[in-house]
Amino acid sequence: VGNYKRTVKRIDDGHRLCNDLMNCIHERARIEKVYAQQLTEWAKRWKQLVEKGPQYGTVERAWCAFMSEAEKVSELHLEVKGSLMNEDFEKIKNWQKEAFHKQMMGGFKETKEAEDGFRKAQKPWAKKLKEVEAAKKAYHAACKEEKLAISRETNSKADPALNPEQLKKLQDKVERSKQDVLKTKEKYEKSLKELDNATPQYMENMEQVFEQCQQFEEKRLRFFREVLLEVQKHLDLSNAASYKNIYRELEQNIKTADAVEDLRWFRANQGPGMSMNWPQFEEWSADLNRTLSRREKKKASDGVTLTGINQTGDQVSQPNKHSSSLSVQSNTVQSVQSSYNPFEDEEDTGSTVSEKEDNKIKNVSSYEKNQSYPTDWSDEESNNPFSSTDANGDTNPFDEDTSPAMEVRVRALYDYEGQEQDELSFKAGDELTKMENEDEQGWCKGRLDNGQVGLYPANYVEPIQ
């Protein structure tokens, strides 16, 4: 009696399982969305790096095909997210609303109906069972009383102090107890027989209610199976024609990469096949005044380009990312040194992932394809602090003795990149020693802390107070 509670509880569990399944699908949809967003961000960032990097030609297009693949796969995963939430999630939600009806006083209508059905089917049998228990209790009490009366009678026969009248009373009590035993036994057997006769009908009524609960649960189980199959179809991209086309197209783009074609293009645009600009005799002109550099660099159409200027702070100006082949980008060395290494592990510095990625994207300029290179000879390494003439044992033209009284510590106001072998390179904030005062052309002679000696624009530094 009362064990039908487990079957009734299953109805409440069914409603909770619907919530669990919806939460499960919702979490997966959120994962699909985040993955799609990360794919898009990855593709955008690496597309910039590759396009502005030194890779060229068909291999560049093959590399960029991976970013196109990521963008297309991202769209597919957004479609998966949409299917999970708009179709599967909503389907479960609607089915749950139709299958389970809440009552004003709490609980579900289906639970109460099952509870009432089981109680109604069990009530007659439970009543008879209660009668059987009462009859059994009365019979067992009569048997106990009979045994006690017989024991008293037996003991009284051995007691000479008892008179015949008392002994007669004990014998009568034994007789009455035997009759009570027979009556209660008969009643117990009768009630038990009635219970047995009612059991088949009881089983039929209980099973009928149980089958109703089974049918309700069968609907839920079949519905769950149907929904899970739909979720599987939405998640499975292996059979999606668009998914296969993405990788078929990726393979084709990679196979179109042609090393011979790329080398031919590079020869024609960056090698011996490119148009030449041989040095020609140039007349001196008073208009070509040097103001920042100690030499002029003639451009074919733009006149003179003054280079080596990198202001900091609020005075920073945006460099021309696509200058001609003869101009010099002053931030080339600086940006290359701070360029982003895509294979470095990100440290937990407290910044968000998006902030880190933004900082990495800002360093793309070090990869620019159209960056121009200095026209200094390739064997000149005046900008390398580890290749100073002192280290090589050669004489330095600036190693003449200077008076210590003339030396003054100064601090750089701007970045400057030496344009000739006898010029220094430094960055804003660097400290160096001024060895000679400004000449008539606005140049000073100084020494860096690494021992390198050279010239620099006088108005690029200020004395250290």
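Remark: spin-label model distance Lys178-Asn450 equals 12.6 nm, labels positioned 7 Å along the Cα→Cβ axis. A 1.4 Å probe, protein heavy atoms only, puts the accessible area of Thr40 near 60 Å². Let's test the formula: R0 of 22 Å, r as the Cβ-Cβ distance of His101 and Gln212. What FRET efficiency results, to the nearest 0.05? Efficiency, rounded to the nearest 0.05: 0.90.
Summarising the amide proton neighbourhood of Val461: residues at separation of 5 or more, or on other chains, whose placed amide H is nearer than 5 Å comprise Leu413.
Per-residue accessible area (protein heavy atoms, 1.4 Å probe) orders Met274, Met105 as Met105, Met274, starting from the largest.
Compared with the direct C-alpha span, the chain from Val260 to Ala141 gains 31.8 nm at full extension, assuming 0.36 nm per residue. Largest accessible area first, the residues Phe216, Phe210, Phe426 order themselves as Phe210, Phe216, Phe426 under a 1.4 Å probe with ligands, DNA and RNA left out. Between the beta carbons of Asp422 and Arg30, assuming R0 = 45 Å, the FRET efficiency works out to 0.10 to the nearest 0.05. Here the simple spin-label model places points 7 Å from the Cα toward Cβ, and for Lys168 and Ser285 these points are separated by 16.2 nm.
The Rg/Rh ratio of segment 404-465, with Rg taken over Cα atoms and Rh as the Kirkwood radius over Cα pairs, comes to 0.91.
Could you tally the net charge around Trp125, taking each other residue with its Cβ under 15 Å from the Cβ of Trp125, Lys/Arg +1 and Asp/Glu -1? Once positives and negatives cancel, what remains is +1. Here the gap between Met276 and Glu75, fully extended at 0.36 nm per residue and compared with their Cα-Cα distance, gives a gain of 67.6 nm. Summing charges over all other residues whose Cβ lies under 12 Å from the Cβ of Leu237, with Lys and Arg as +1 and Asp and Glu as -1, gives -1. Solvent exposure of Trp95, expressed as accessible area, is near 50 Å², computed with a probe of 1.4 Å over the protein chains only. In this structure, Val408 and Leu228 have a Cβ-Cβ separation that, at R0 = 60 Å, corresponds to a calculated FRET efficiency of about 0.15. With each label modelled as a point 7 angstrom along the Cα→C-beta vector, the Arg248-Arg152 pair spans 10.4 nm.
The values are calculated or read from the model by the stated rules, or taken from the named source; none is laboratory data. Bear in mind the structure is a predicted one, so any value in this text is a computation, not a measurement. Ideal geometry is used to build each Cβ from the backbone, glycine not excepted, and the neighbour counts take in all protein chains shown. SASA here: full protein model, heavy atoms, side chains in, ligands and nucleic acids out. Shrake-Rupley method; radii C 1.70, N 1.55, O 1.52, S 1.80 Å.
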